[in-house]
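A short worksheet on the structure shown next.
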Amino acid sequence: MTMAAAIRRFVRDGHTVALEGFTHLIPFAAGHEIIRQGRRDLTLVRLTPDLLMDQMVAAGTARKLLFGWLGNPGVGSLHAIRRAVERGVPAPLEIEEYSHFGLLCRYKAAASGLPFFPLRGYRGTDLPRVNSRLRSVTCPFTGEQLDAVADLHPDVAIVNAQRADHEGNTQIWGLLGAQREVAFAARRVIVVVEEIVPGEVVRADPNRTQIPGIIVDAVVEEPWSAHPSFAQGYYDRDNAAYLAWDRVTRDQGRCERHLDAWIHGLSDRTAYCARLPEGTRERLTPGPRPAGPVDYGDYR
Amino acid sequence: MTMAAAIRRFVRDGHTVALEGFTHLIPFAAGHEIIRQGRRDLTLVRLTPDLLMDQMVAAGTARKLLFGWLGNPGVGSLHAIRRAVERGVPAPLEIEEYSHFGLLCRYKAAASGLPFFPLRGYRGTDLPRVNSRLRSVTCPFTGEQLDAVADLHPDVAIVNAQRADHEGNTQIWGLLGAQREVAFAARRVIVVVEEIVPGEVVRADPNRTQIPGIIVDAVVEEPWSAHPSFAQGYYDRDNAAYLAWDRVTRDQGRCERHLDAWIHGLSDRTAYCARLPEGTRERLTPGPRPAGPVDYGDYR
Amino acid sequence: MSSAAAAEAPANRTEMMIHAAAREVRDGDAVFVGIGLPNLAVQLARRLHAPGAHLIYESGVFGARPARLPISIGDPCLVSGAAQVLPMAETFLYFLQGRRTDLGFLGAAQIDRFGNLNTTVVGDYDAPRVRLPGAGGAPDIAWNARRTVVILRQDRRKFVERLNFRTTVGWAEGGDSRERLGASGGGPVRVITDLGVYGFDAATREMLLETVHPGVTVEEIRAHVGWPLRTAPAVTTTPEPTPEASRLLREDIDPARIYLGPA
Amino acid sequence: MSSAAAAEAPANRTEMMIHAAAREVRDGDAVFVGIGLPNLAVQLARRLHAPGAHLIYESGVFGARPARLPISIGDPCLVSGAAQVLPMAETFLYFLQGRRTDLGFLGAAQIDRFGNLNTTVVGDYDAPRVRLPGAGGAPDIAWNARRTVVILRQDRRKFVERLNFRTTVGWAEGGDSRERLGASGGGPVRVITDLGVYGFDAATREMLLETVHPGVTVEEIRAHVGWPLRTAPAVTTTPEPTPEASRLLREDIDPARIYLGPA
């Protein structure tokens, strides 16, 4: 399925949409397509809303944001989100915040068919005061009070991966983020991959599969769809883009011109890649470092 | 470390010892060494106590057994355990039973530093009536009553794996059972591998690592240490041994003669392997079925 | 007997069970499957009307394509060529409790009229006459799968008025009692034995005899049930397998008749 | 300046922070580490007195051996050559909450006298003057690690009488209040700034100035603290790095002085 078709079909105004990938495999191409298609009133969910959600907020797609840590990793602030939160520009943005672990546990609960998940870390902090979804639960064995978060079932989860087969069996190596948990938590799952590979490739290494095809609604093949983040073994993070965004995002007008140039004015990811400065892809492509062989054995 | 040294050092009379591996990578060599060293009053923990624990009970090592399913998989009953439970022969055996899922959740809780884990499946059954460690917990969001199990921290967990490096970083492919969970749950961890490999082999594929070396107390290299169970890619299950045990285990005297011949009368796994009928290893070795390449990328 | 003649021989009762079980599998179903008869039934259904059915083994394997007949749910032949292997805990958490399972197959040593199952003990729990294997994955499959189907050979000691131990909840005490317990899955829809096939009354949730296998009478079945058995308004004969289904089961799926038994 | 001369130049204040932080790492420690100064400190400690220290990144990497200086805790250079990559949830569940972490490093925008931290907002939560990044992994590190060390540059707006928001618990209200909350880890043991190093009183758990960096006075420090600062019985000068430590940091670990700043 094309990205445009997948977003058109599964992402609706007002939806709760989780876009995951912890620094690795961030679904930039999918987020850009959501912006391009003009979705509104989304509740966006992401452990680390970084550049992608700063762009989505600057573009006016979001009504609310659930997150764990709000920053441009290794660079600084997310000024578009700060503008929305601090000054309501371009529109007010409701926020609901967790620790990384708390949001992970919300995914875990939902993926596991549990209405809540117990954890530790919020007692004595001000977080439960500003988030009524942080509650307490009593251990039936020790009487201890633990923290608890509720399940979170996004309407749609979008995750990037290195490869999948046509049935949606999806393989990821390197940082795994919350990809598996959010996929099992969500009602619909869109997987965006660097490559669609024959089923035999996936089935030659079933332990590498993070997401089973049976829970995947769309597989989109788009090389470089995680740029400017990275895809382990395919390309490195384009740190220049993170630094550039730090300048762009300080001003709503510049943000909008950037979105026009890099999103609204482009038809798709192919056009985006063509617009990258010459040599970008060569510069970001790492040398080989193969995983080494493993034998599953042929059992007949 | 040799198996004899690892068992001598870490497994004490009265300990709670989990030996895991779901049909795959069952720690037979370790269990046999525990028998050989004459440990007593152990509380044995295992999702599926199969042949290994039937032998350990027949040998008189156990005071108590925690389990999820008690059978010779694909064959029938475990007669030594049945004798102990039904008639107290050779000695009474206390049992504490769960579903597979319930015992998995006990490991999960312990590995996760939680005093309990919530789950579903016991309401309306007689299991909580005979196991006071199955309780209820109330969801702080929905008010729903869920089941709960307590954490379980074995004194020692013993797991087999295909390979580890000298630091104990342990890689498993094929069925993963509860290896990772029980290792993180336990106070001490013994890993038994088909091969100790250089650190570079493990580090070439870090997503394959199930257990980090930092929680491993001993790495024992013993090829064929899971026989008569299997090691994916190394050898197949020796079903003849499962069928043979079905005959042996029906009679306590025959059990004891079997234990004398295959355990007490042998010094170690090398002697065990030498005693296998000629051609056994060739018969059980599968043809190759390689996993196919993956590239992590060289990032400098 | 030649292969052609073998394919035409009438189904024995084990084969009748497998064919009946295969008919419970719908295309696209995610099926939580044990070894033996349920495995054969799903393999058969995949070759007939349900090519898109997915097999899930509690050992952690999704989308297995075994090159031989597996001898346990942990057979390495289930791993080589599978779509995914998950840690066992996640299989239970995500596929079962997370409500991704459409159909689960269960066996039992005892069943009652509401489809509750005993796989724990015969006799008293603390002084058992027979110590059975226990729960395994059954309580969770029964609790969470959208539909469950129970397969067991039938006799009066198995179809009992009162279980010695309730390991696994079916329809509990009948009516809406399962729902009131808070079960997330859908409960048992069929019981398949070597004598016939049963459903459950939509209101009372009591077991109802629906079909008898060829050559079996309703009276014969009543003699193998430990309570006054109710029957569907019209008890018919279980359909015999088509020649194609029969051939697939006998020639492709279990040619050595490991599970099928004597023809 | 020649390399030899550079190695002999006195440590700047950033370097003093890194060397002080490195001294908090013990051999064999499992260290939960962020990017920047803590990362440099642990890399340095591994080359000096703690070769067996293990790095854990909340991104899921255990035992990283990066071939370059990572620019984020998710840098792909942390993955290639690492001992293990875990799903992020398991890193928090097993390594942190499961109490497998000996030492955690934290930063903060505000800290109070009991080592409680604010990384959420400056000003009112609902109408913030500055919206900060929020919690990330900090509450869980602070709650579960056996020891935590806070690293931050010091000024009066950071060392405050009262936090605008308590994101992360240190010693709570002091005394045994952290223990009474039920925290499983051990609490903050050091605060390291560009001016000095602090510990905590064993009974009251109030922050105590222990050492001042060379050239810094206690009075200068008091001017950068928003409450009446207590000091240890004998405030000494923070030890300067050995030539070997200085060389390693400058030549091997951050030769481009990305984090070290101007010499």
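Binning at 10 angstrom from zero up to the longest distance, how are the C-alpha pair distances of segment C:194-263 distributed in percent? Each 10 Å bin holds this share of Cα pairs: 18, 37, 27, 17, 1. With Cα atoms defining each centre, segment D:193-263 and segment B:149-206 are spaced 41 Å apart in the structure. What average count of beta carbons from other chains do you get within 10 Å of the Cβ of residues in A:133-146? What the average comes to for A:133-146 is 5. Computed over chain B, the P(r) curve from all C-alpha pair distances, binned at 10 Å from the origin, holds 6, 27, 34, 22, 9, 2, 0 percent per bin. Each residue in B:SER267, C:SER72, D:SER184, D:SER246 was given a count of other beta-carbon atoms within 10 angstrom of its own, and listing them fewest first yields B:SER267, D:SER184, D:SER246, C:SER72. Over chain C, DSSP H runs of length four or greater, each weighted -39,500 (n - 2.57), average out per residue to a 222 nm ellipticity of -5000 deg cm²/dmol.
Within chain A, antiparallel bridges make up roughly 35 percent of the DSSP beta bridges whose residues both belong there. Distance from the C-alpha centroid of segment B:44-111 to that of segment A:1-22: 48 Å, rounded to the whole angstrom. Bridges between two residues of the protein assembly as shown, per DSSP, are antiparallel at a rate of about 40%.
Distance distribution P(r), segment C:67-213, all Cα-Cα pairs, bin width 5 angstrom from 0: 2, 9, 17, 20, 19, 15, 11, 6, 2, 0 percent. Overall dimensions of segment C:1-156, expressed as equivalent-ellipsoid semi-axes from the Cα gyration tensor (√(5λ), whole Å, largest first), are 25, 23, 15. The H on the amide N of A:VAL45, modeled in the peptide plane, is under 5 Å from the matching H of A:VAL17, A:ALA18, A:LEU19, A:LEU66, each at least 5 residues off or on a different chain. When the square roots of the Cα gyration tensor eigenvalues are ordered a ≥ b ≥ c, the ratio a/c for segment B:151-247 is 1.5 or more and a/b does not exceed b/c, which makes its shape oblate.
Rounded to the nearest whole Å³, what is the per residue volume of the convex hull around the Cα atoms of chain C? Walk me through the numbers before you get to the answer.
On the way: hull volume 34.5 nm³, N = 263.
Per-residue hull volume (Cα only) is 131 Å³.
Near the amide H of B:ASP298, within less than 5 Å, lie the amide hydrogens of A:GLY287, A:ARG289, all on another chain or at least 5 residues away, with H placed in the peptide plane. In a fully extended conformation the segment linking B:MET1 and B:GLU96 would gain 30.9 nm over its present Cα-Cα distance, using 0.36 nm per residue. Classify the protein assembly as shown as rounded, prolate or oblate, taking a ≥ b ≥ c as the square roots of the eigenvalues of its Cα gyration tensor: rounded when a/c is under 1.5, otherwise prolate if a/b is larger than b/c and oblate if not. It is prolate, given that a/c is not under 1.5 and a/b is the larger ratio.
Between C:LEU208, C:LEU44, C:LEU181, the residue with the greatest mean-square fluctuation in the GNM of chain C (Cα pairs under 10 Å linked by springs) is C:LEU181. Candidate membrane-span-like segments in chain A, meaning DSSP H helices with Cα atoms spread over at least 15 Å of their own axis and a Kyte-Doolittle mean of -1.0 or above, are A:100-111, with no membrane implied.
Counting only residues at least eight positions apart within a chain, or on another chain, the lysines with an alpha carbon under 17 Å from that of A:LYS108 are B:LYS108. Largest GNM mean-square fluctuation among D:PRO128, D:PRO241, D:PRO188, using chain D with Cα springs under 10 Å: D:PRO128. Here chain A is assigned +1 on the Cβ of each Lys and Arg and -1 on the Cβ of each Asp and Glu. Its dipole about the Cα centre then comes out at about 700 debye. When chain A is treated as a GNM with alpha-carbon contacts under 10 Å, the residue of A:PHE184, A:PHE117, A:PHE141 showing the greatest mean-square fluctuation is A:PHE141. Counting other Cβ atoms within 10 Å as a rough exposure proxy, the listed residues B:VAL17, B:VAL197 run B:VAL197, B:VAL17 from fewest neighbours to most.
Taking other Cβ within 10 Å of each residue's Cβ, how do D:GLU58, C:GLU90 sort, fewest first?
Values: D:GLU58 26, C:GLU90 21.
The most exposed by this proxy come first: C:GLU90, D:GLU58.
Which Cα, out of B:ALA109, B:TYR98, B:LEU51, lies furthest along the positive dipole direction of segment B:10-121 (beta carbon charges, K/R +1, D/E -1)? Towards the positive end, the residue furthest out is B:ALA109.
Bear in mind these aren't lab numbers, they're just calculated from the coordinates by the rules spelled out. What you are looking at is a predicted structure, and each value in this text was computed from that prediction instead of being measured. Don't worry about glycine lacking a Cβ; one is built from the backbone with ideal geometry, like all the others, and counts go over all protein chains shown.
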